[in-house]
1. What are the aspartates and glutamates whose alpha-carbon lies under 16 Å from the alpha-carbon of Lys337, with same-chain residues fewer than 8 places away excluded?
2. By counting other Cβ atoms within 10 Å of each Cβ, how are Lys234, Lys2 ranked from fewest to most?
3. Helix-only mean residue ellipticity at 222 nm, the chain, DSSP H runs n ≥ 4 weighted -39,500 (n - 2.57), per residue, nearest 500. What is it?
4. From the residues Leu68, Asn331, Val128, which one has its Cα farthest along the dipole of the chain in the positive direction, the dipole being from +1 and -1 charges on Cβ of Lys/Arg and Asp/Glu about the Cα centre?
5. Could you tell me the relative contact order of region 277-323? Use alpha-carbon pairs under 8 Å, at least six residues apart, and round to a whole percent.
6. For the chain, set up a Gaussian network in which alpha carbons nearer than 10 Å are linked by springs, and say which option among Lys148, Lys36, Lys218 fluctuates the most.
7. Please find, in a Gaussian network model of the chain (springs between Cα atoms separated by less than 10 Å), the residue of Gly99, Gly270, Gly305 whose mean-square fluctuation is greatest.
8. What order do you get for 66-75, 328-337 when each peptide is scored by the mean count of other beta carbon atoms within 10 Å, highest first?
Amino acid sequence: MKEKLKAIQEKAMAAFQEAKEMKDIDDLKVKYLGKKGELTAILKEMGKLSAEERPIIGQMANDVRQNLEKRLDEAKNRLAAAEMAHRLEKEKIDVTMPGRARAEGHRHPMSIVTDEICSIFMGMGYEVAEGPEVEKDYYNFEALNIPKNHPARDEQDTFYIGGDILLRTQTSPMQVRTMEKGKLPIRMVCPGAVYRSDEVDATHSPVFHQLEGLVVDKNITMGDLKGALVVFAKELFGEDTKVRFRPHHFPFTEPSAEMDVTCFACGGKGCRVCKGEGYIELLGCGMVHPKVLKMSGIDPDEYSGFAFGMGLERVAMQRYGITDLRLLFENDMKFLKQF
Ligand code: DAH
């Protein structure tokens with residue numbers, strides 16, 4: 001039995017030495033030291049031994065067990081250290097390696113133009129306001145002197161949410177919402193999306209953007225309107241820009257006009273861009289109709305005001321020489337990267 005014990009000890013130690021993975025350690029423990037292991041099997045044969053031999057062999061078996069347990073622990077520590085070293089090597093991070101550059105975006109041409117126009121007006125003391133795109137019929141039409149069955153509604157057919165709720169067709173409802181608050185004087189511009197049930201083509205889209213302006217104070221005249229809009233046009237398109245006003249009709253202003261600016265491409269000589277006109281239409285404007293002031297709680301005998309509204313896509317298209325409106329909505333990277 002001594003021989004057997006010795007043989008087991010040698011065999012086990014050799015196996016411990018060769019263990020490559022943590023999992024081997026567990027297997028070896030079961031194989032040599034477990035309840036059904038080789039050492040236990042030998043101890044079961046102790047009964048066959050003589051009374052003198054038993055304690056000697058017993059002592060020896062205990063020594064072997066202790067020895068093997070110690071060696072197994074050592075093997076385990078060796079493997080754990082090796083595994084850790086391996087992981088440290090594998091998961092090493094080179095902090096000096098340059099990072100992956102992230103593609104950086106930039107503002108959309110519509111945002112560039114909108115921000116620029118707002119900042120021109122802010123420079124003249126205007127506040128920038130924003131209003132709801134889902135609007136009440138009252139603010140979009142009624143309070144702007146466009147009652148039910150007024151022909152002006154035909155040109156501004158929109159999407160109805162139901163009842164008196166619709167998608168606003170213009171930013172003009174913000175005139176009413178601002179006046180209603182009753183804080184005078186008013187100097188405000190309001191950019192935002194507007195909606196009309198139009199088919200998409202090179203110059204139309206069911207969603208586009210406008211910028212509204214409103215000034216209400218005592219003694220505001222058409223001269224103030226012209227002064228403000230001429231300064232604005234020169235700041236936006238350059239000092240040499242000339243403007244002209246043409247009489248027009250809007251239900252919420254009286255008198256009303258459209259303002260044209262000299263063509264950015266030819267400077268007024270006439271070219272393909274302005275179709276030989278020399279001028280390009282920029283916005284609608286006028287003196288706020290007394291009825292509109294009154295409906296919003298402002299006394300037209302004491303106060304007067306002017307208003308204007310412009311299409312922002314049109315401004316962007318003029319500014320950048322874009323000939324198709326759809327380009328502004330299609331999110332084509334090749335197009336957008338140019339700005
Ligand atoms: N809301 C008008 C439109 O969508 C544009 C407009 C014209 C706005 C004259 C105004 C204005 O404030 O005074 O056609």
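Just so it is clear, none of the values below were taken in a lab; they were calculated from the coordinates. Given the structure is predicted, the values throughout are model-derived calculations rather than measurements. Neighbour counts run over all protein chains shown; Cβ positions are idealised from the backbone, glycine included.
1. Glu104
2. Ranking Lys234, Lys2 by Cβ neighbours within 10 Å, fewest first, gives Lys2, Lys234.
3. -12000 deg cm²/dmol
4. Leu68
5. 41 percent.
6. Lys36
7. Sorting by GNM fluctuation, first place goes to Gly99.
8. 66-75, 328-337
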